[in-house]
Amino acid sequence: MSNNYNFEEIVNHFNYEGDLIKVEPYGSGHINDTFAVTFNNYEGEAVRYILQRINTNIFKEPKKLMENIENVTRFLKNKINALGGNPHRETLNLIYTVDHKPFYHSSSGDYWRSYVFIEGAKTYQVVETLQHFYNAGKALGNFEQLLSDFPAEKLHETIPNFHNTKARYEEFLKALAEDKMNRAKDIKKEIEFVLERGKETTILVDLLNEGKLPLRVTHNDTKFNNVMIDNETGEGICVIDLDTIMPGLSLYDFGDSIRSGANPAEEDERDLSKVSMDLSLFEHFTRGFLEGTKHSLRDIEIEYLPFAAKIMTLECGIRFLGDYLNGDTYFKIHREDHNLDRARTQFKMVMDMEGKFSKMKAIVKKYS
Ligand code: ADP
Ligand code: GN1
Ligand code: MG
C-alpha cells in the first residue's frame, strides 16, 4: 500500500473536529487502501475515523458507488432507529467533506471517503468461536431482511456481472488462453480442477434468468472480516464494506460467508491440510443466517444453500487463479504466488464440500 498520499490535503477536506494526531494503515482488505485517522477533539478526547482510498481500477464510477452507499446507509439508519437500535454503531456513518460531498476527489485524482470508526468491535480474518460465526450469520441475514424493501432500481451496478459465475468462468478461460505471464504450464492441476467443474458455473445464473430464484438487494462481499464483532457481546454489530451492494441472490451472500468463515485456516494458508469446510461452523452460520432472514427465504433458495457455498468458493478460486494468470492485477498481493496460494485453499474447500455435501444438506434441512 502506498503511503505517499498527501494526507494533510485529504484530511483538511473532511469535516473532522480538533487536531490531527496520526494516520495509520489499517485492516487487511484486498481492494481499497484503508487508514485509521486519529484526532484530538475539542474535549481533548482521541477520536478515530476510517479513511479510504477507493480503488478506481476496480470501481470505475466512484460517484455512483458513493450514491449507493449514501442511499443504503440512510435507509438502514431509518430502519435501525425505528427498531430502537443504535444507528451510530449498527451501520456505517459517512463523514462528509467540508463542501458537503460524500467523497473527496484529491488533486492527484484519487477518490477518498471517510466513516465514523466503530469502536469496541473488531473484524477477524479467521473465525475464533462458533458463537461469533452464528452471530455473523444473524447479522448478514438481518442485513438482507432490513434491505428487503429497499428500492432496488435506485442501485447502480458497481461491478457488472460481479457474481455471474458463468461470466467469471469465461473470463478465466480467456486468461488461460492468453497466459500473459507464461504461468499456465506450472499450474496444470489447478486448471484441470476448474475445467472439470465448468458446467456447474451456469447453474445459479440459469435459475436466475429463468425467474426461479428471486433477485434481492444483497451485499455480495460477505467475507467474515466484513462483519464487525462487538467486543463485549460477541454480536455481529455492523455489516461493513458496502461497495458491492447490488441486486443479487441471497445465495451469493450465504455462499461467500461459508467460503470465508467455515474454513478454520487463513484464506492464503499454504499448508492445505489445515484447510477444510468445518461442519460445525457451517451449522452455526446456517442457523444464524436463517434466523436473521426471519425464515423469509423461498424453498428453492433453501434447497440451493449448500450448492451456493460450493459454487461461491469455486468462483472465488477461479478469480484468484485467473488473476494469477493475468499477472496479479486485481487482488492486492503481499508475496510471490499469493493468488495461487489463495486459489488452492478455495479448491481444497470445494473438494471438502463435495465430500460433505449430504451432511450440509441435512444441516440446512434441520434449521429450515
Ligand atoms: P476492503 O474493501 O479493502 O476490504 P473494508 O471497507 O472492508 O475494505 O475495510 C478494511 C478493514 O477496515 C475492515 O476489515 C475493518 O477491519 C476496518 N474498517 C472498515 N470500516 C470500519 C469502520 N467504520 N470502523 C472500524 N473499522 C472499520
Ligand atoms: C475482495 O474487499 P475484500 O477484501 O472484502 C473481493 C471479494 C472476494 C474477496 C476474497 C470488490 O473482498 O469479491 O471474495 O476479496 N472484493 C471485490 O478475499 O472484488
Ligand atoms: Mg473488506
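For K180, go through the lysines and keep the ones whose alpha-carbon is under 21 Å away, minus same-chain ones fewer than eight residues off.
K188, K189, K332
Which of L65, L140, L83 ends up with the largest GNM mean-square fluctuation for the chain, with Cα atoms connected below 10 Å?
Comparing L65, L140, L83 in the GNM, the peak value goes to L83.
If each of H100 and K212 carries a label point 7 Å out from its Cα toward its Cβ, how far apart are those two points in nm?
Going from the H100 label point to the K212 one covers 5.1 nm.
Hey, how many Å between the Cα centroid of the range 243-261 and the Cα centroid of the range 67-142?
For the range 243-261 versus the range 67-142, the Cα centre distance is 17 Å.
Which semi-axis lengths, in whole Å and largest first, follow from the square roots of five times the eigenvalues of the Cα gyration tensor of the range 139-298?
In descending order, the three semi-axes are 29, 22, 15 Å.
Please get the size of the charge dipole for the chain, origin at its Cα centre, with Cβ charges of +1 on Lys and Arg and -1 on Asp and Glu, quoted in debye to the nearest 20.
Its charge dipole is roughly 920 debye.
Any chance you could look up the accessible area of R53 with a 1.4 Å probe, heavy atoms only, rounded to 10 Å²?
Per-residue accessible area (R53): approximately 50 Å².
Just reorder S296, S106, S273 by solvent-accessible area, largest first, 1.4 Å probe, all chains present.
S273, S296, S106
Hey, can you grab everything whose amide H is under 5 Å from the amide H of I95? Only 5+ residues off in sequence or another chain; H modelled, so Pro and N-termini drop out.
Amide H to amide H, under 5 Å and 5 or more residues apart or across chains, I95 pairs with S114, Y115, V116.
On the accessible surface of the range 130-367, probed at 1.4 Å, how many percent belong to carbon and sulfur atoms?
For the range 130-367, the apolar C and S fraction of the accessible surface comes to 49 percent.
Could you please state how large a percent of the accessible area of the range 2-119 is carbon and sulfur, counting protein chains only and using a 1.4 Å probe?
Carbon and sulfur atoms account for 45 percent of the accessible area of the range 2-119.
In whole Å and largest first, what semi-axes does the C-alpha gyration tensor of the range 2-119 yield when each eigenvalue is scaled by 5 and square-rooted?
Taking √(5λ) for each eigenvalue gives 22, 20, 13 Å, largest first.
Per residue, how many Å² of accessible area does the chain show with a 1.4 Å probe?
45 Å²
Using only the Cα atoms of the chain, what semi-axes does the equivalent ellipsoid have when each is the square root of 5 times a gyration tensor eigenvalue? Give whole Å, largest first.
The three semi-axes for the chain are 33, 25, 19 Å.
Tell me, what is the percent relative contact order of the chain, built from C-alpha pairs under 8 Å that lie six or more residues apart?
Once normalised by length, the contact order is 18 percent.
How many nm separate the modelled label positions at N71 and N12, each set 7 Å beyond the Cα in the direction of the Cβ?
Label-label distance for N71 and N12, simple model: 3.5 nm.
The values are calculated or read from the model by the stated rules, or taken from the named source; none is laboratory data. A quick note: this is a predicted structure, and the numbers were derived from the prediction, not measured. For neighbour counting, all protein chains shown are included, and Cβ atoms are generated from backbone atoms with ideal geometry for every residue, glycine included. With ligands, DNA and RNA removed, areas are computed over all heavy atoms of the protein, side chains included. Shrake-Rupley method; radii C 1.70, N 1.55, O 1.52, S 1.80 Å.
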